[in-house]
Amino acid sequence: MNEKHIQQVLEIEKKAQEIQEQAQREAQELPRVAEQEAQALIAKAKAEAQEEAHRILAEAQAEDKAKEILAEVERQNSELEAKANANFDKAVAYVLERVIGRA
């Protein structure tokens, strides 16, 4: 082999060694990068879950408030209906007395 071929082989071996070292450095970085990406995904999932929980809670509270308001309105309607019925009987009696008294 001549010196030129030996020099080319040495250059190729040197490049191969550099490539191997670079691959090893990248391989050592992969777990750290994967851990960071996993933590970011976990944080995002937690934030989304918290937001969804707040939304559901707000909807539940609004529904409970609506039920309370509806119950109060129904109670007031019942009271008004009872008063109206009592007044109706008085009104009928008054009208009858007026009609009988004039007839």
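The values are calculated or read from the model by the stated rules, or taken from the named source; none is laboratory data. Keep in mind the model is a prediction, meaning the values are calculated, not measured. No Cβ is skipped: glycine too gets one built from the backbone with ideal geometry, and neighbour counts run over all protein chains shown. Quick note on the areas: whole protein, heavy atoms, side chains included, nothing else; ligands and nucleic acids left out. Shrake-Rupley method; radii C 1.70, N 1.55, O 1.52, S 1.80 Å.
Side notes on the structure shown:
- When a 1.4 Å probe is rolled over the protein heavy atoms, the share of accessible surface on region 1-77 that falls to carbon and sulfur comes to 58 percent.
- Distance (nanometres) between label positions extended 7 Å along Cα→Cβ at Ala27 and Leu41: 2.3
- Bins of 5 Å from zero: percent of alpha-carbon pairs in the chain: 2, 9, 6, 7, 5, 5, 6, 5, 5, 5, 4, 4, 4, 4, 3, 3, 3, 3, 3, 2, 2, 2, 2, 2, 1, 1, 1, 1, 0, 0
- Where only C-alpha atoms are counted, convex hull volume of region 48-103 per residue in Å³: 41
- Å² per residue, accessible surface of the chain at 1.4 Å: 94
- Computed helical MRE - 222 nm, the chain, DSSP H runs ≥ 4 contributing -39500 (n - 2.57), nearest 500: -37500 deg cm²/dmol
- Principal-axis analysis of the Cα atoms of the chain puts helix 3-102 at an angle of about 0° to the longest axis.
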